[in-house]
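Data block below; observations after.
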Amino acid sequence: MIPLEWMPPLMFAGLIVFMLIGFPVAFSLMAAALFFSAIAISEGFFGMPFLQAIPQRIFGSVLANDLLLAIPFFTFMGAILERCGLAEEMLDSMGQLFGRVRGGLGYSVIIVGFILGAITGTVAAQVIAMAMIALPVMMRYGYNMRYATGVLAASGTITQLVPPSLVLIVLADQLKTQSGSADVGSMYLGAWGPSLLQIALFVLYTFFLSRIRPDYLPVAPESDLTLKGWALWKKCLLGIIPSAVLIFLVLGTIMTGIATPTESGAMGAMGALLLAWLRRASITNLRGLIQEAYQNTMRITAMVVFILIGSTCFSVVFQGVDGGQWVEALFADLPGGWVGFLIIVNLFVFFLAFFLDFFEIAFIIVPMLAPVAVKLLSPVLLDSMNGNPQAAASAALVWFGVMLCVNMQTSFMHPPFGFALFYLRGVAPKEVKSSDIYWGALPWVGLQLIMVAVVIAFPALVTTLLDKPAAVVQSQDFNFTAGEESKSDSPSKLDEDAPVTFQLDKPVK
């Protein structure tokens, strides 16, 4: 006889065992769900009809979810822009613009990484494209190898946070509770503050390093600075203006309410195709590029859907054995209140990211933590949301989601499974040591963890741009007595001197 309270932790342990055996994560989730559902049925925790919820959730909440259609659109857009030569032009022009400044190539990589992050939304495309272009130039100029590899990996992972990040779309879909939910537009608005501040941190780190160790970040040789004046600015603008138009098509339409995330993703995909067609002179095989983008989109979308189906199976069985109550009891009683909750959760996600991809963390862990986050974080934001409890609940989920997004950037940067480091190792020249790639990533992981602490300490960094609805009003009675209180002779008789009741509306504080 297995006690009911043992089942939730046993399910997590079983999931780890299935993954250690070598099952893919999606099938590990399904296998753990089916295995422990058999145990739960045999122990009488729920009956066989309970499992009907699994296909209902899969067809009703996964395959019929219009929001998830945005994922293939944004993936396709990123795959097109990865290969159309936009990154090369921007890095070349920015490199010449900042070439006379010590560490100029570092600044260029950070700024171009931010711009590309706002139009591609995929880490792999960005890290590979920028490493192939910028790393040989940095090596030729004599940049410190650990700084060069670190800045390339970090500027690629900023794509995780800068809208239209796929992570933000997935988190918006998963952060739904009975009290409130986080929509994609709010997640995008909330992510702008942290993403801009993180870019500023990267720039400041480069600036101070150029002052402390000037030999690490040399000035570009004058012989390579071939463009000056208007010719240089023209080349910069030719890369920035199309990017700005595409950013507006994707983000501006969402944040202004003109289009849904799916519609803006479709416009972004069409904009990427148009940009590739306009640049067809510099593309050797446009048809092959589009075909490869289709294949890449199909592969990533299929992976996401299979993981989501597996996590749905796991989640239904987990809730059937009172897993939600177990998670709430586990995290709600932590010392330190909401601050202790956020510290423990972020440490947990940070170490979990050593072994799991961000999609897996978002689909498995986030739905379990969302109800606890609403319960603990909503009171913190109640005053800033004009005392509106529903707005505070939704803002709490946006704050929590953006914070996790900042944290999950590190999953691409730290060993043993830092995918950005793998991408970098795959395209870096043989003379670049793997030890330099791993050691070079550590300062940037530290900067990303500093950003997590800043987002915890200053929630206004996320919530400032969110809609703040008017305060909820409730009726309250006030008695105004016209004369002395008297009793009526008969209950049915109206007493002209009786107290008169007025009903006024007063905001809830």
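Read-outs throughout are calculated quantities, based only on the coordinates presented, and are distinct from any laboratory measurement. Computed from a predicted structure; not experimentally measured. Cβ placement follows ideal geometry from the backbone for every residue including glycine, while neighbour counts extend to all protein chains displayed.
Summary of computed values
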item	result
Distance from the range 442-465 to the range 83-113 (C-alpha centre basis), Å	26 Å
Using alpha-carbon coordinates, inclination of helix 366-381 to the longest axis of the chain, degrees	70 degrees
Mean residue ellipticity (222 nm) of the chain, computed from DSSP H runs ≥ 4 via -39,500 (n - 2.57), nearest 500	-21000 deg cm²/dmol
Computed over the chain: relative contact order in percent, which uses C-alpha pairs under 8 Å that are six or more apart	23 percent
Identified option (computed semi-axes √(5λ) of the Cα gyration tensor in Å; candidates [x] 43, 32, 21; [y] 42, 26, 21; [z] 47, 31, 23)	[z]
Orientation-averaged projected area, Cα convex hull of the range 259-317 (nm²)	5.2 nm²
Order of Val374, Val406 - criterion: other Cβ atoms within 10 Å of each residue's Cβ, fewest first	Val374, Val406
Asp467-Val339 pseudo-label distance in nm [points 7 Å out on the Cα-to-Cβ vector]	3.3 nm
Cα centroid separation - the range 348-397 against the range 398-435, whole Å	23 Å
FRET E, pair Ser42, Ile450, Förster distance 30 Å, beta-carbon r, rounded to 0.05	0.05
The range 14-84: C-alpha gyration tensor shape, a/c 1.5 cut-off, then a/b vs b/c	oblate
Gain in span if fully extended, Lys228 to Ile16, counting 0.36 nm per residue against the direct Cα distance	70.6 nm
Note, ³J(HN,Hα) from phi for the range 148-156, Karplus 6.51, -1.76, 1.60, rounded to Hz, x at Gly and Pro	4, 5, x, 5, 5, 5, 5, 5, x
Residues Glu360, Glu263 arranged by fewest to most Cβ contacts within 10 Å	Glu263, Glu360
In Hz, Karplus ³J(HN,Hα) per residue of the range 21-27 (6.51, -1.76, 1.60; θ = phi - 60°; x = Gly, Pro)	5, x, 5, x, 4, 4, 6
Residue order, fewest to most beta carbons within 10 Å, for Thr301, Thr206	Thr301, Thr206
At R0 = 25 Å, FRET efficiency that the Cβ-Cβ distance of Phe348 and Asn386 yields, to 0.05	0.15
The range 176-221-the range 269-323 distance, computed between alpha-carbon centres (Å)	26 Å
Using a Förster distance of 56 Å, the FRET efficiency for Phe35-Ile283 (Cβ separation, nearest 0.05)	0.65
5 angstrom amide H check on Ser181, placed H, neighbours 5+ away	Ser394
